[in-house]
Amino acid sequence: MSPRQAFAPLLDFAAPAGYRLLPFRFARIPGVPGKVLVTSEVGEFAFISEEDLRALVAGTLDPGSNAYADLQARHVLVESNSHAAMRMSTSKYRTRKSFLKGGPALHMFVVTLRCDHSCRYCQVSRRSGDEARFDMSTDTAAAAVDLMFQSPSPSLTVEFQGGEPLLAFGRIQQVVDLVEERRVREGRAVTYSMTSTLHLADEEMLAFMRRHDFQLSTSLDGPAALHDANRPLPSRDSHARTVAAIDRVRATLGHQSLSALTTLTRESLRHPEAVVDEYVRLGFPSVFLRPLSPFGFAAKSAGRIGYAMEEFLPFYEKALAHIVDLNRRGVVIQEAYAGFLLTHILTPFPIGYVDLRSPTGAGLGARVYNYDGGVYASDEGRMLAEMGDHSFRLGYVQDSHADLLQSDAMQLILAAGVAESLPGCSDCAFLPYCGADPVFNLAREGDPVGHRAGNAHCTKHTGLFQILFRYLAEADPEVMRIFLSWATRRPARGLAAAVGEAA
Amino acid sequence: MLPLHTRAKVSGTLPHPVLKVLGLAEALGTAVPRDRVAVHLPTGGPEVDFAALQELGFAALFRPDGGTAAGGTVLPEIHSLSHPEVVGTGDVVRVRQDNGQVGVLYRRGANANTLFLTEQCNSRCLMCSQPPRDEDDLWRVRELLELIPLVDPDLAQLGFTGGEPTLLGPLLPELLRACAAFLPQTGLHILTNGRNFSDPTVADMVGDALGRATWAIPLYADVPARHDYVVQAKGAFEQTVQGVYNLAERGHVIEIRFVVHAQTLPRLREFPEFVWRNMPFVSHVAFMGMEPMGYAKVNRNLLWVDPLDYGHCLSEAAWHLQDRGIPTSIYNVPLCVLPEEAWPLARQSISDWKNTYEPACDGCAVKQSCCGFFASHGPAWRSRGIKPFERMEAAE
């Protein structure tokens, strides 16, 4: 006996009366002809035709079309009375902005300004190695730790910076001891990290860092000739010392504990493949291709070593193509910044990276305790201070967390640090993946809002997003797996086998 | 495939229709009340003192292949089963005193044990394998409340199915409480369309399932119209999504189920991205081939698509989620009609009591890891891709 039941056709379930638009933005990507990139408020995207875009806006998109369903599923359009669509959208928005919960999590301690290097692009006003007055005092360090624990963030990252922080190793030990004493009592998860050349890391220091599970970041600009030209030592052997330090650190702390990043000079731009290959040769799974920063010494020597972002982008595109090609051949290497951007593009989750957020990470996600007791909203903010502009000084280590958040500097940041409210940014299709950088704008243009239409921050990011979306429009299955593995920090499926063959 | 029903002869008057069948040694040591235990006495077993068993308070004797019953004069006796292999020790059976029907309600060692909660449903899915009936079936819940204390407490997982279990109102929480009390170690896997959980007060009522249950909720499209069409209920997509969110906000574990057929296929490619963006918290996603029963048979022409023709799209969809860290499975699609890249996600998903293989499967090198077919699978549902694998081919 077959069950009797009348079934209604699909059309009976179509929405009765039209659709509404939720906020969305769009862009035409050079190199992607005939398609328009549409991004939702929470960063979901689709490539649609020009005709569909016009119909979408006119309210005449055919409910039976794939484009209609694709845009409805992404909550670009919603049908009347869909509370579920709004609930999903608000939930995704909260997730995207969840980095705002908890307050500053990244706390940078500039334990000394001294350094043994005299790099041409140095972002910090370095001092020669023997001037102890450029070290953080014990009182300042203790007050800074107190102030850090006033942040309500359940997890804290303590990052040691310089100068060369290992020149003030005693201060590092003091800070770690103070933090260790409090973190368990206060129920905080603490991660230690340090940016250092590591040349001075001896056995005792390495054992200490291993005990406290340090994440280390060092500078590696590429092959020896390039690295040594960029990073002069009197002994002219910075590259050799860095490679030796990498070996020592890996032997003691393990491979996972060490990453490296580049600073790219005008000379570097001629060698995209060589820079990447040096990272592969030294066994790094990631390379961070960083253009020069407009701060500190870098600004003064911009003429000799600097370049425009328009010159950086072709370099980046070549380097990225080389990296993709390496991965296709089974060599696992990622570009770190592309990893951040792709996490924003391909996942519903935010990232820990504080330099590309809206609201900006400066002061809200991070702060810097300078050697002299000044507290700054970001590393760039204290570099600007070294050049005489204290706009981003939140206060001093003796102040309270509340004082810092009520400071003039914080007001300045909040007024100019929300990309959604900045002219130009508010209409940009890449907004959901990008961030506001009032510190950069003030440094470059003397104004925290700045003229983003043509500035380096916007030129760089627009260019990077266009490069990445060209790949995403093409959607080569292998490239998608590679990009996804960067965005989700998981191994790329189907490419691991090739590693075995290559090895 | 081992059926769940057979017939027996019953001598004497059973004190209770729902009984646990246990061997003598286990019966003497069990925590189950003796008046709910039928003592399993195989032919050729040791001599047993029936009077002593009666004195101990056992409910009945269970002699599957036994002939006449000398014991029937002392204790009630269930004997002479038409298919003795249907009932084993540890099983819980329902025995009809009047006509000798024996139904296995719980089978020890089965690959799945499922409680059937109700025949009522508020959806009418095009491919429903268990078409709802609007009859008063509260007796089922009463029987399940008798059954739950007799289930082995070391059971890893127990399924709830229907019908739509939330239509039971306060009886669903009562069943959850019974499981929490008698089966504290057992995970529950509960099939529901989730629609009623769009009411937060309904979601509040199932707190006893927290930490022990997975709510398996079907979603058949990333857009309302197609999902509502497949389940034949306007507003269902809206309610199910709200239900998923209400359960997730209360800390419940959620599985999403997607049945692949011609009416869901148009959104299969985009569906996983919707889950990833909007429900990345789900613990599992299952993409399922159809069970050719009930409405599925009626709507065969509307639904049928040879799995061979959607295998690649299905594989891409499943990996889309698996690659993003959401555990994903493919159910009910035999390996020979799936592309090999999808094999790592394919599971032996069909309950053993309704699981069969084709004659062609004999000698197939991957039969041991293949789901095979539903027993209801017939020529109208046969993929043109069905074939055995040679050992060498499969090893590649």
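The values are calculated or read from the model by the stated rules, or taken from the named source; none is laboratory data. Being a predicted model, the structure only gives us computed values, none of them experimental. Cβ placement follows ideal geometry from the backbone for every residue including glycine, while neighbour counts extend to all protein chains displayed. SASA here: full protein model, heavy atoms, side chains in, ligands and nucleic acids out. Shrake-Rupley method; radii C 1.70, N 1.55, O 1.52, S 1.80 Å.
How do A:E180, B:E55 stack up against each other in accessible area, from largest to smallest, with a 1.4 angstrom probe?
B:E55, A:E180
At 4 °C and a viscosity of 1.567 mPa s, what translational diffusion coefficient does Stokes-Einstein give for the range A:1-150, taking Rh as the Kirkwood radius over Cα pairs? Give it in µm²/s as a whole number.
61
Give the peptides B:214-222, B:257-265, B:183-191 in descending order of average Cβ contacts within 10 Å, highest first.
Descending mean neighbour count gives B:214-222, B:257-265, B:183-191.
Which values, in whole Å and largest first, are the semi-axes of the equivalent ellipsoid of the range B:157-209 obtained as the square root of 5 times each eigenvalue of the Cα gyration tensor?
They are 18, 12, 9 Å, listed from largest to smallest.
Could you work out the pair-distance distribution P(r) of the range A:383-503 from its alpha-carbon pairs, with 5 angstrom bin width and percents rounded to whole numbers?
2, 9, 14, 14, 13, 11, 11, 9, 7, 6, 3, 1
Rounded, prolate or oblate: which fits the range A:15-96, taking a ≥ b ≥ c as square roots of the Cα gyration tensor eigenvalues, rounded meaning a/c under 1.5, else prolate when a/b beats b/c?
It comes out oblate by the Cα gyration axes.
Using the Cα atoms of the range A:334-402, I'd like the radius of gyration and the largest Cα-Cα distance, Dmax, both in angstrom.
14.7, 42
Among the aspartates and glutamates, select those whose C-alpha is under 14 Å from the C-alpha of A:K35, and discard any that sit fewer than 8 residues away in the same chain.
Correct list for A:K35: A:E50, A:E51, A:D52, A:E474.
Using the C-alpha atoms of the range B:1-48, what convex hull volume per residue, in cubic angstrom, is computed?
134
For the range A:103-405, list log₁₀ I(q)/I(0) at each q in 0.11, 0.12 Å⁻¹, using the Debye formula over Cα point scatterers of equal strength and ignoring solvent, two decimals each.
So the normalised log intensities are -0.68, -0.82.
Excluding ligands, DNA and RNA, what is the accessible area buried between chains B and A, summed over both sides, using a 1.4 Å probe, to the nearest 100 Å²?
3300
When you take every Cα atom in the range A:308-440, what is the radius of gyration, and what is Dmax, the widest Cα pair distance, in Å?
Over the range A:308-440's Cα set, Rg and Dmax evaluate to 17.8, 55 Å.
Just to check, using Stokes-Einstein with a Kirkwood Rh over alpha carbon pairs, what's the diffusion coefficient of the range B:288-396 at 25 °C and 0.890 mPa s in µm²/s?
Taking Rh from Cα pairs, D becomes 169 µm²/s.
Rounded to whole Å and ordered largest first, report the semi-axes of the equivalent ellipsoid of the range A:120-206 derived from its Cα gyration tensor (root of 5λ).
25, 14, 13
Just to be sure I understand the curve: with the Debye formula and one point per C-alpha of the range B:5-104, what is log10 I(q)/I(0) at q = 0.24 Å⁻¹?
-1.40
With every protein chain present, what accessible area does B:R384 have (1.4 Å probe, heavy atoms only), rounded to the nearest 10 Å²?
150
Using bins 10 angstrom wide from zero, how does P(r) for the range A:10-52 break down, in % of all Cα pairs?
24, 38, 29, 9, 0
Above 43 Å lies some portion of the pair distances; for the protein assembly as shown, what is it as a whole percent of all C-alpha pairs?
47
Below 8 Å between Cα atoms, with a sequence gap of 6+, how large is the relative contact order for the range B:5-104 in percent?
RCO, the range B:5-104: 40 percent.
I'm checking a number: the convex hull volume of the Cα atoms of the range B:114-395, normalised per residue, in Å³. What is it?
Hull volume over Cα atoms, normalised by residue count, gives 132 Å³.
Express the carbon and sulfur contribution to the solvent-accessible surface of chain B as a percent, rounded to the nearest whole number, probe 1.4 angstrom.
52
Hey, what's the per residue convex hull volume over the C-alpha atoms of the range A:229-386, in cubic angstrom?
Expressed per residue, the convex hull around the Cα atoms of the range A:229-386 is 167 Å³.
Can you pull the mean other chain C-beta count within 10 Å for peptide B:222-231?
6
Take peptide A:473-486, look around each residue's Cβ out to 10 angstrom, count Cβ atoms belonging to other protein chains, and average those counts.
1
Enter the accessible area of A:R328 (Å², nearest 10), with the probe set to 1.4 Å and all protein chains included.
The value for A:R328 is about 90 Å².
For the protein assembly as shown, what is the calculated [θ] at 222 nm in deg cm²/dmol (nearest 500), taking -39500 (n - 2.57) for each run of four or more DSSP H residues and dividing by its residue count?
The helix contribution divided over the protein assembly as shown gives -10000 deg cm²/dmol.
Report, in whole Å, the centroid distance computed from the Cα atoms of the range B:273-322 and the range B:57-132.
Result: 33 Å between the Cα centres.
What's the Cα-based Rg to Rh of the range A:162-287, Rh via Kirkwood?
A ratio of 1.02.
Short version: what are the Cα gyration tensor semi-axes of the range B:168-241, square root of 5 times each eigenvalue, largest first, in whole Å?
For the range B:168-241, the ellipsoid semi-axes come out as 27, 13, 9 Å.
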